[in-house]
1. Want the number for Q275 to A57: 0.36 nm per residue separation, take away the alpha-carbon distance, what's left?
2. Using θ = phi - 60° and the Karplus relation 6.51 cos²θ - 1.76 cosθ + 1.60, list the HN-Hα couplings for region 71-84 in order, rounded to whole Hz, with x at every Gly or Pro.
3. Whole-Hz Karplus ³J(HN,Hα) for region 29-37, in order, using 6.51 cos²θ - 1.76 cosθ + 1.60 and θ = phi - 60°, x for Gly and Pro?
4. Simple spin-label model, 7 Å along Cα-to-Cβ: F41 to V110 in nm?
5. Quick check on packing: order 130-142, 30-42 by the mean number of other C-beta atoms within 10 Å, highest mean leading.
6. Distance in nm between label sites at E251 and A311, each 7 Å beyond Cα in the beta-carbon direction?
7. Quick one: which of 77-85, 209-217, 100-108 comes out on top by average Cβ neighbours within 10 Å, and what's the full order, highest first?
Amino acid sequence: MSRSSAPPLRLALGSDRVLTALGALGLTGVATAVMVHTLLFSGPWLALLALFGATVAVAWTFRSPAPRWDWLGCDAEGQWWLATRAGLREERRLAIRVGPDTRVGARLVVLVWRAPESGRSGVLWVPWWRMDPEDFRRLRARLRWPVDAPGKPGLGARLQAVHRQAVAILAAVSRHGVRSMNTPRQMAAVEHLLSDDPDHVYTEDELDAIEAVDPELALRLDRAQTFAQREAADVPADGPIDEADVRQAVEEARRILMQDGGDIEYVGLDGRTVQVRLKGACVGCPRSTLDLKNVVERLVRSRAPGVERVANTF
C-alpha cells in the first residue's frame with residue numbers, strides 16, 4: 001500500500017502556543033545579542049541601524065502574517081492539502097506536496113511542504129499535543145508509507161511494468177499464488193509483536209512497535225480493533241451464530257484487505273468455524289495468516305461471539 005491508495009485523512013490542528021512562544025523568544029534573543037554586540041564593538045550608529053532593520057522586519061511580519069493552518073488532510077487520490085478554519089467552510093484548500101525532507105518522530109512530525117500551483121513552501125511543525133492521539137498515529141503511519149515513485153523512462157521502466165503484470169497474472173491463476181518477497185527476518189520481527197488471542201486489545205505502545213516494523217499491518221490492526229470495539233457493545237456475550245452477521249463482518253474485512261490489493265470471499269459455516277477464501281494479493285502472501293487471525297477473525301468474532309475461529313479454504 002502506498003500513500004495514494006490509503007483512506008482519506010482530515011485532521012484538526014490545535015493551537016501551538018508553545019513552539020510559537022519558543023520561536024519568538026529565540027528570535028528576540030538573537031536580535032538582542034546582535035544589538036549588544038554591535039553597540040559594544042561597532043559603535044552606536046551601527047547599533048541604531050541594526051535596531052531600525054529589526055523594527056522593519058517585525059513590522060513586515062505583522063503586516064503579512066503567514067496563515068494559521070487549522071486543518072491538514074489527504075484526499076482519496078493521495079493529494080495532501082492545508083486549510084484554515086474559514087477556508088474549509090468555504091471549500092478553499094491549498095493543495096500541497098509533501099517533501100522528502102519531512103521527518104516523522106515518536107512525538108513530533110516536521111512536515112516540509114510545497115504548493116505546486118503558487119510555488120509557496122513552508123514547514124509545518126506538528127507536535128503530539130496539536131492533534132488528537134488517534135489522528136497523530138494515523139498521520140505518522142501515513143507519512144511512513146512509501147511515496148509513489150515517478151515512472152522511470154526507458155527499458156528499466158518497461159521491464160518493471162512487465163514484471164509487476166506477470167506477478168499479478170500468476171497470483172490470479174495459480175492455485176497457491178506467488179510467494180511474496182518479504183524477507184523472513186521482517187516477518188519474524190512482526191510475528192513476535194502479535195498476540196495469538198483474537199480478542200487481545202493492542203495498546204498504543206504495542207501498535208507503535210508494530211508500526212515501526214510494518215506500518216500497513218499496524219493500520220489494519222488499528223482499524224479492525226476500532227471496528228470490533230464499536231461492534232462489541234451491540235452483540236450478546238454468547239449465543240447462536242447469525243450467518244448474516246458473519247457475512248457482514250467478512251465484507252468489512254474485505255474492504256480493509258482490498259486497500260492493500262487483497263480480497264476475501266465468504267465460503268460457509270462449519271459448526272463454529274467460519275470458512276473463507278483469501279484472494280488477490282493475499283494468495284501466497286506470508287502476511288495473509290496474520291491478517292486472517294488479527295483482522296478477519298477479530299471482526300467476525302466481534303459480530304458473532306459464538307464463532308471459534310476463521311479458516312482459509314482453497
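A short reminder: the numbers here are calculations on the coordinates, not readings from a lab. From a predicted model like this one, the values you see are computed outputs, not experimental measurements. Ideal geometry is used to build each Cβ from the backbone, glycine not excepted, and the neighbour counts take in all protein chains shown.
1. Numbers: separation 218, 0.36 × 218 = 78.48 nm, distance 6.92 nm.
Between Q275 and A57, full extension yields an extra 71.6 nm.
2. Karplus values, whole Hz, x for Gly and Pro: 9, 10, x, 9, 7, 5, 8, x, 8, 7, 8, 10, 8, 7.
3. Working through the residues one at a time gives x, 5, 4, 5, 5, 5, 5, 5, 5 Hz.
4. With each label point 7 Å from Cα toward Cβ, the separation is 2.8 nm.
5. Values: 130-142: 17.6, 30-42: 12.8.
The densest-packed peptide leads the list: 130-142, 30-42.
6. Calculated label separation equals 2.6 nm.
7. Details: 77-85: 16.7, 209-217: 18.3, 100-108: 11.4.
Highest mean packing first, the order is 209-217, 77-85, 100-108.
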